[in-house]
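No lab work stands behind these numbers, since they all come straight from the coordinates. These numbers come from a predicted model, not from an experiment. Ideal geometry is used to build each Cβ from the backbone, glycine not excepted, and the neighbour counts take in all protein chains shown.
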Ligand code: ASP
C-alpha cells in the first residue's frame, strides 16, 4: 500500500478512535491531521512530533448506571490531575520517563483506581502490587511484582531500571531494595479501601456459591479455546460490576523519546502469588524508539498474547500505523481469544490509540496545547 494512502487511512482511523474522547476540538481535527500526514511524506516538511501523554485508569465493565455522579467526578478529577502532572514535566522539557512516573503516581495515590491506595485484595485479604516502566529510547526497563508496603510501586520500578543491574524484582527482595534506595514504604493497611474490601467479600461469596467469574475465583482455569471466528463469551452475571482499574501512562517528550509505565493491584481474589501482565515487559508494558504501550485487562490473556510487544512489533516490522496495530491486537486478536481489556499506545510522531474491547476504559490525553481530555465510555 502506498505510504500516502496508508497515512490517509491512518488519519481516518485516528478520527474514529479519538472520537469517544468527546474532545475533538482539543485534538487535531481530521482535516488538519490528513494535511499533516500528507506533508510528512516529504521529509523536508515533516512537522515536529506532537509531544504529549496518554493515560488510562483501567478497563472493564463500567456501566453508566453503576457509576454514581460522585464517583465519576472523582475519577475525572484524578485523571485530569494525572494528565496535568505528566504534562507539566513534558512542558518544561522533562523526559518521557519522568512524565510517566509523575502521571502514574497521581493515580496510585487516588483511591479510585486499582493501584497503590485502593488496590484490590488477594484471596487472603492482602494488597500485592505490581508495576513496570520502560524507556523507549534505551529499551531499559524496571519492574516490581508482589510488593506489599511500597507507596508508589512505579517509583520503585523506575529505581530498579535506573539503579539496579536487574529488570524485575519481587516480594521481600524488592522491598529490601526499596529500603536501600529510600523509596517510601507504608504500613500494609495504607492501601485498604472499604469498597475494594467489599469486592473481595462478594468474590469470596460468589466463589462459595460457584458463580464467580473465572478471574474472580482466583483458581486456575481449564484452557478455553474458542472456535475460530467465534469470540469466547461469558455470562453477564459473572462480569457484573467487574472492572479492572489498573493505571498506566505513555508519553512522548519534546526530544522525541517514548516511555510507558503501568501500575496495578492485580485482580480481586488472586491467589498463590499470582502476577499479572502489568509488570511483564512485552505483555502489559513496552516501549521502543517508535512505539510505546500500557495495557489493562485480564492479564493472563495479555501475557499469553504478548500484547504490548505485538502492537509495537507490527509498527516496527510491518510498518503499520500505531492506530491500526493497536486496533488489530485489541479488537481482533484479543477478542478472538476472549481477552477483555484495552491499551493506550503512542508512536514517535505523537499519534495515539486507545482501543478497548470492554464497555468502558478510564482514559485521557493531553498534547502540547495543554487541554486535558478525559473519557470513560465508548460514546462521549
Ligand atoms: N491487567 C491487570 C492484571 O491482570 C489487571 C487490570 O488491568 O486491571 O493484573
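Tabulated data for the structure shown
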item: Residues 113, 272, 177 arranged by fewest to most Cβ contacts within 10 Å; result: 272, 177, 113
item: Simple label model, 7 Å out from Cα along Cβ direction - residue 124 to residue 371, nm; result: 5.0
item: Residue exposure sequence - 79, 320 - by fewest surrounding Cβ within 10 Å; result: 320, 79
item: Ellipsoid semi-axes in whole angstrom, largest first, where each is sqrt(5λ) of the Cα gyration tensor of segment 273-326; result: 21, 10, 8
item: Extended-chain gain in nm, criterion 0.36 nm per residue less alpha-carbon gap, residue 91 and residue 195; result: 33.8 nm
item: Kirkwood-based Rg to Rh ratio, segment 59-144, C-alpha trace; result: 1.03
item: Efficiency of FRET between residue 167 and residue 271 - r from beta-carbon atoms, R0 35 angstrom, step 0.05; result: 0.90
item: Principal axis dimensions, largest first and in whole angstrom, of segment 242-380 by Cα; result: 43, 33, 26
item: All Cα pairs of segment 110-169, percent lying beyond 16 Å; result: 45
item: Separation of the residue 188 and residue 316 label points, Cα + 7 Å toward Cβ, nm; result: 4.0
item: Sorted largest first, extent of segment 89-129 alpha carbons per principal axis (Å); result: 44, 16, 8
item: Cα-based convex hull, segment 309-380, per residue volume (Å³, whole number); result: 89
item: Ascending count of other beta-carbon atoms within 10 Å, so fewest first, for 130, 189, 319, 288; result: 189, 319, 288, 130
